[in-house]
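Structure first, then comments.
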Amino acid sequence: MDIRLTRIDDRLIHGQVATVWSKATGIDRILVVSDEVANDELRKFLLKQAAPPGIKSNVVTKRKMVEVYHDHLFDGMKVMLLFASPQDVVEVVKAGVDLKAVNIGGMRFSEGKKMITNFISLDESDVISFRQLEVAGVQLEIRQVPTDRKTDLMQLIKKEKMLQ
């Protein structure tokens, strides 16, 4: 499996992903990795419809993602992985999915979260998960679109004094 982009964005497939990122990465498939969405037939249907023309999309559980990643039938498939949370990314990395980098696109504000950019809000659990990914050697970058300058997430977390 040729993972061209791994992105955390709680909106999952939307305009930027469907158009800009898919073209910039040259993918032929989007895999939304979420146990919650995989068990919600309506959300699954809507996400499949949101994929751009010519690009297939699937919604899979974390367990299925690990299985597919290790299956040689998928060698050479150019994919974008979409996650709703850093906790889900940590789970698949711990299960053996080798990710080099994760792009953080959007994590909405809710009670208990702190806004660190206009489009990223984190709580302690998120920070812990990102720290685990960093320790595992995964680069963590912030970019809304491919032409944006990369910002190192961990530097921003440290600047915001969210990491002890």
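The values are calculated or read from the model by the stated rules, or taken from the named source; none is laboratory data. These numbers come from a predicted model, not from an experiment. Methodologically, a virtual Cβ is constructed for each residue, glycine included, from the backbone with ideal geometry; neighbour enumeration extends over all protein chains shown. Just the protein is used for accessible areas: all its heavy atoms, side chains included, with ligands, DNA and RNA removed. Shrake-Rupley method; radii C 1.70, N 1.55, O 1.52, S 1.80 Å.
Restricting the search to the stretch 101-117, which residues are without any contact (Cβ under 8 Å) to a residue 60 or more places away in the chain and aliphatic (A, V, I, L, M)?
Residues of the stretch 101-117 that are without any contact (Cβ under 8 Å) to a residue 60 or more places away in the chain, as a first pass: 109-117.
Within the stretch 101-117, MET115, ILE116 qualify.
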Odd one out for LEU73, checked against (1) surrounded by fewer than 20 Cβ atoms within 10 Å (Cβ to Cβ); (2) within 21 Å of ILE30 (Cα to Cα); (3) modelled with pLDDT of 95 or more: (3)
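Condition first: aliphatic (A, V, I, L, M) and surrounded by fewer than 16 Cβ atoms within 10 Å (Cβ to Cβ). Now tell me which residues in the stretch 1-40 satisfy that. Please lay out each step first, then the result.
First, pick out the residues of the stretch 1-40 that are aliphatic (A, V, I, L, M): 1, 3, 5, 8, 12-13, 17-18, 20, 24, 27, 30-33, 37-38.
Scanning the stretch 1-40 gives VAL20, ALA24.
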Within the set of pairs 6+ apart or on separate chains, which have a first residue in the stretch 134-159 that is small (Gly, Ala, Ser), a second that is surrounded by 17 or more Cβ atoms within 10 Å (Cβ to Cβ), and C-beta atoms under 8 Å apart? ALA136/VAL93
Inspect all residues belonging to the stretch 111-123 and state whether any of them is assigned to a loop (DSSP other than H, G, I, E, B), among the polar types (S, T, N, Q) and either touching a Phe, Trp or Tyr at 6+ places or on another chain (Cβ under 7 Å) or buried (at least 16 other Cβ atoms within 10 Å of the Cβ) (or both). yes
Which ones in the stretch 46-62 are of a type outside the set (A, V, I, L, M) and either open to solvent by less than 80 Å² (accessible area, probe 1.4 Å) or at pLDDT 90 or above (or both)? PRO52, GLY54, LYS56, SER57, ASN58, THR61, LYS62
Need the failing condition index for ILE142 against (1) surrounded by fewer than 18 Cβ atoms within 10 Å (Cβ to Cβ); (2) on the phi < 0 side of the Ramachandran plot; (3) touching a Lys or Arg at 6+ places or on another chain (Cβ under 9 Å), just the number. (1)
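This table checks each residue for (1) out of contact with any helix residue (DSSP H, G or I) (no Cβ under 8 Å at 6 or more places or on another chain); (2) of a type outside the set (Val, Ile, Thr).
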residue: VAL90; (1), (2): no, no
residue: ALA101; (1), (2): yes, yes
residue: PHE130; (1), (2): no, yes
residue: VAL135; (1), (2): yes, no
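Anything in the stretch 76-105 that is in a strand (DSSP E or B) and surrounded by fewer than 19 Cβ atoms within 10 Å (Cβ to Cβ)? List them, or say none. Before the answer, list the steps.
To start, the set of residues in the stretch 76-105 that are in a strand (DSSP E or B) comprises 78-83, 101-105.
Hits for the stretch 76-105 are LYS78, ALA101.
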